[in-house]
Amino acid sequence: MGLTGWRRRWSSEGDRARRARISNAGGATATLGLAAAFAFGLVSAPAAAPACTRTWDGGAGTTVWSTAANWSPDGVPAATDHVCIPAGATVVHSTGSSSVLTIQSAGRLTLSSGTLALTDTGNDSRVADFTQSGGTLAGAGVLRVEGVLRWTGGFQVDAGRTVIAVGGSAVIDSGGGNSVFLEDGRQLDNEGTLDWVSGHIRLGFASTPVRINNSGRFQLADGNSVFRWTGAGLDPQLHNQVGGLMIKANGVSATTVNVPYDNDGTL
C-alpha cells in the first residue's frame, strides 16, 4: 500500500544509488499496517546471554559507571568483562573510555559522554532501556535494543550494529539543527519502530558503508535531512527492506534523504 497524497522525487545515481525527497503534498494522512518481520525470516531466536563477570550492585550509592564500588566484584568493568545491569538499576556512563565484551541490561543505561565500546562479535549486547545523549558508542559488537532507545546526541561508530529489535522502539530527537552521527562502517537496523522526531542524521563515508536498514516502521522527521557527513571511502546507504514501512510525519516541509537509497518495502 502506498501513501496517498504524498510525492516521491527520484534522481538516478545508477541502478542502486538513488536519492529520495519526500514531501507531504497537503497535510494528507494515511494509515498503513506494520508488517511482521518474522514473516520474512528477518529475525532469529536470540542466543543465550553470556555469563556475567561484572554486575551492577550500586554499592557506592550513585549511578556512576566509573565508580568501582558500584560493581560486584568491586572494580570498573574491563575489556574482558561481560557486564550485567539488573532491572530497577540506573547506570550513567559520563566520562572516560570503556571497553567491555558485552552488556546485558534489564535496567536503564545512559551514555552521556566518553566512549563505550562493545567488542564481542559472537554475543550480542542486549538492553531494555538505553539513552544516548552524547559520547560515542563504539566497537564491533552488536547492541540489540529490546525495549526503548532514546538517541538525542553523540556518535555511533565502528563495525558494530545497533539493532532495534522486533517489539522494540527508538526515538531520534537531537533538536533543531543538531545532529546524531553514524560513522566508520556503523549500521543501524530497525526491526521495530523508529520515530525520527527532530534534528539531522549524518552518515559518514567509510571503507565499509555506513548503513541504515529498515524492516520495521520508520517515521521520518518533517523538514530535516539524512545526509553524507565526512571521511573517505564508500557512500553511506539507506535501505527500506522487504516488509519495511517508511512514512513521513505530518507537516508542510520536505524531508530530504541525500544518500544512496534503495526501496524494497513500502514508502
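The values are calculated or read from the model by the stated rules, or taken from the named source; none is laboratory data. What you are looking at is a predicted structure, and each value in this text was computed from that prediction instead of being measured. Cβ placement follows ideal geometry from the backbone for every residue including glycine, while neighbour counts extend to all protein chains displayed. The accessibility values were calculated without ligands, DNA or RNA, using every heavy atom of the protein model including side chains. Shrake-Rupley method; radii C 1.70, N 1.55, O 1.52, S 1.80 Å.
Looking at region 111-121, is at least one residue in contact (Cβ under 8 Å) with a residue 60 or more places away in the chain and either crowded, with 22+ Cβ neighbours inside 10 Å or under 12 Å from the mean Cα position of the chain (by Cα) (or both)? Break it down into steps so the answer makes sense when it comes.
First pass over region 111-121, keeping only residues in contact (Cβ under 8 Å) with a residue 60 or more places away in the chain: 120.
If we keep only those that are either crowded, with 22+ Cβ neighbours inside 10 Å or under 12 Å from the mean Cα position of the chain (by Cα) (or both) as well, we get none.
Within region 111-121 (the criterion being in contact (Cβ under 8 Å) with a residue 60 or more places away in the chain and either crowded, with 22+ Cβ neighbours inside 10 Å or under 12 Å from the mean Cα position of the chain (by Cα) (or both)), the answer is no, since none of the residues qualifies.
Give region 129-154 a look and list any residue that's assigned to a strand (DSSP E or B) and of a type in the set (S, T, N, Q), or say none.
Result: THR131, GLN132, THR136.
Identify, by number, the condition in (1) open to solvent by 40 Å² or more (accessible area, probe 1.4 Å); (2) within 20 Å of VAL180 (Cβ to Cβ) that ALA138 doesn't meet.
So the condition that ALA138 fails would be (1).
All but one of (1) of a type outside the set (Gly, Ala, Ser); (2) modelled with pLDDT of 90 or more; (3) touching a Leu at 6+ places or on another chain (Cβ under 7 Å) hold for VAL257; which doesn't?
Among (1) of a type outside the set (Gly, Ala, Ser); (2) modelled with pLDDT of 90 or more; (3) touching a Leu at 6+ places or on another chain (Cβ under 7 Å), VAL257 violates only (2).
Could you list, in sequence order, the residues of region 185-241 that are surrounded by 20 or more Cβ atoms within 10 Å (Cβ to Cβ) and hydroxyl-bearing (Ser, Thr, Tyr)?
SER215
Does THR80 satisfy the condition of being at pLDDT 95 or above and closer than 27 Å to ASN190 by Cβ? Working first, answer last.
Details: at pLDDT 95 or above: yes; closer than 27 Å to ASN190 by Cβ: no.
So THR80 fails the test.
When only residues in region 243-267 that are farther than 10 Å from GLY223 by Cβ and of a type in the set (Ser, Thr, Tyr) count, which is most open to solvent (accessible area, probe 1.4 Å)?
THR266
If you go through region 54-68 one residue at a time, how many are of a type in the set (Ser, Thr, Tyr) and within 20 Å of SER99 (Cβ to Cβ)?
Count: 3.
Would you check which residues across region 77-110 are open to solvent by 50 Å² or more (accessible area, probe 1.4 Å) and within 20 Å of THR62 (Cα to Cα) and list them?
Within region 77-110, PRO86, ALA87, GLY88, THR90, SER94, THR95, SER97, ALA106, ARG108 meet the criteria.
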